[in-house]
Amino acid sequence: MAPTVRVAKDGSKPTAKVVAAKFRRALKNGGSAEYASGVQWFFKDAITLHGWYTADLRRATVRFRRELRKERGLDFVVEIADQLFSGQVLEEKVAAVSCWKGLMESLATGSSPSSNRGSIASAVGRIMMDWYIL
């Protein structure tokens with residue numbers, strides 16, 4: 001289940017780092033340790049994962065991305081995806097890529113202001129560089 005983003009009592013909104021930490025916690029709590037240990041054989045090297053089934057992870061990420069985008073905008077979702085992709089857990093990276101996939105599709109259909117295209121392109125470049133460096 002994806003976490004909800006709430007405004008604090010003093011009216012301040014949480015930072016991207018705080019929201020990414022909440023999402024990481026939700027990923028950790030929502031996975032299956034049994035499933036995680038069962039799929040470990042598939043990978044050549046030992047990896048860290050929480051044991052999410054792919055469809056469940058995609059559904060949770062899509063809900064999370066839509067809620068964030070509606071409440072905080074495209075740039076905030078970009079920040080969250082960047083935070084998630086920098087993590088060491090497989091599901092965090094998959095969630096970040098899933099966020100990007102949805103953002104790129106909306107940009108391709110023109111449902112987002114063109115002023116954000118430059119920030120998306122530079123952010124995707126950063127993520128791709130991180131991916132190749134790993």
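So the values come out like this:
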item: Residues listed by number, segment 75-107, amide nitrogen under 15 Å from Phe42 label point at 7 Å toward C-beta; result: 90-95
item: All lysines inside 23 Å of Lys101 as judged from Cα atoms, apart from same-chain residues fewer than 8 positions distant; result: Lys17, Lys22, Lys28, Lys70, Lys93
item: Cα-Cα P(r), segment 4-89, percent of pairs per 10 Å interval; result: 16, 44, 28, 11, 2
item: Built amide H within the under 5 Å cut-off of Trp52, gap 5+; result: Ser32
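Values quoted throughout were computed directly from the atomic coordinates according to the rules given, and no laboratory measurement underlies them. No experiment lies behind these values; they were computed from the predicted model shown. Glycine also receives a Cβ, built like all others from the backbone with ideal geometry; neighbour counts cover every protein chain displayed.
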